[in-house]
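Worksheet: the structure to be examined is printed underneath.
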Amino acid sequence: MPDAYENPAEENPADIARARYALYVETLRARMPGEQFDLLMEIIRMWAEAGGGTVRLHMDGPERELFTPELQQEFLSLMGLIGATQPGHEDRADHVVAHLGDGEHTKGAMSLVPPEVAADPAKLRAMRDKLEAQQGRRRSDERTVEGIARASGMSTAGDGGKGDGDTAP
């Protein structure tokens, strides 16, 4: 029986990517506090169930404390490793987490990027500027919707569910 380590070129790239992901997860399990690891795995599960798209997280106080920048960085790393399991995207396993910096609307922004992008400050700045513009538009849209809701007497997230000033029983 041939030894897989003798001729790794014959290995399926997706199998290699899955093994790399499994090893990384086990490394995280060994070095992260249990509650933080469990939260990370729950977020990964939600992200995967959403098809790898955007997931909006709503966390309570204890979860929010566990959702540190380090956990966020590991989440991005796992996203890259999962992406590498898709045929034609094996290079995503080599992507790195880049810190994009702070802007007016974004704080501690990070992104998973190819190494050559991570080494280019102009590209990182352009990414942050794009993210900053998107966040600015999103916040403006949220303020507009809240204003419309208040004007129509509907409850908004910021008024404790009281609508147009009614008092709660």
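Points worth noting:
- Region 84-106 residues that are aliphatic (A, V, I, L, M), paired with ones that are in a loop (DSSP other than H, G, I, E, B) and surrounded by 16 or more Cβ atoms within 10 Å (Cβ to Cβ) (beta carbon under 6 Å, 6 or more apart): A93/A84
- M79 satisfies every condition listed in (1) open to solvent by 70 Å² or more (accessible area, probe 1.4 Å); (2) within 14 Å of the chain's Cα centre (by Cα); (3) within 22 Å of R128 (Cβ to Cβ) except (1).
- Filtered by the rule that a residue be small (G, A, S) and either outside any loop (DSSP other than H, G, I, E, B) or on the phi > 0 side of the Ramachandran plot (or both), region 70-84 gives S77, G80, G83.
Matching residues to (1) surrounded by 15 or more Cβ atoms within 10 Å (Cβ to Cβ); (2) out of contact with any Pro (no Cβ under 9 Å at 6 or more places or on another chain); (3) in contact (Cβ under 8 Å) with a residue 24 or more places away in the chain; (4) at negative phi:
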| site | (1), (2), (3), (4) |
| --- | --- |
| G34 | no, yes, no, yes |
| F37 | yes, yes, no, yes |
| E42 | no, yes, no, yes |
| R45 | no, yes, no, yes |
| G51 | no, yes, no, no |
| T54 | no, yes, no, yes |
| D60 | no, yes, no, yes |
| E65 | no, yes, no, yes |
| T68 | no, yes, yes, yes |
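- Checking each residue in region 121-169 for being in contact with a helix residue (DSSP H, G or I) (Cβ under 8 Å, 6 or more places away or on another chain), modelled with pLDDT of 85 or more and over 13 Å from G103 (Cβ atoms) picks out K123, E146, R150.
- Failed item, numbered, when M41 is tested on (1) of a type outside the set (D, E); (2) modelled with pLDDT under 90; (3) touching a helix residue (DSSP H, G or I) at 6+ places or on another chain (Cβ under 9 Å): (2)
- Screening the candidates A93, A109, A84, A118 for the property of being at pLDDT 90 or above and either surrounded by 12 or more Cβ atoms within 10 Å (Cβ to Cβ) or hydroxyl-bearing (S, T, Y) (or both) yields one hit, A118.
- Any hit, region 49-57, residues being closer than 23 Å to R138 by Cα, part of a strand (DSSP E or B) and modelled with pLDDT under 85: no
The values are calculated or read from the model by the stated rules, or taken from the named source; none is laboratory data. Here the structure is a predicted model, which means the values were calculated and not measured. Every residue, glycine among them, receives a Cβ derived from its backbone with ideal geometry; neighbour counts consider all protein chains shown. Note: accessible area is taken over every heavy atom of the protein model, side chains too, but ligands, DNA and RNA are not part of it. Shrake-Rupley method; radii C 1.70, N 1.55, O 1.52, S 1.80 Å.
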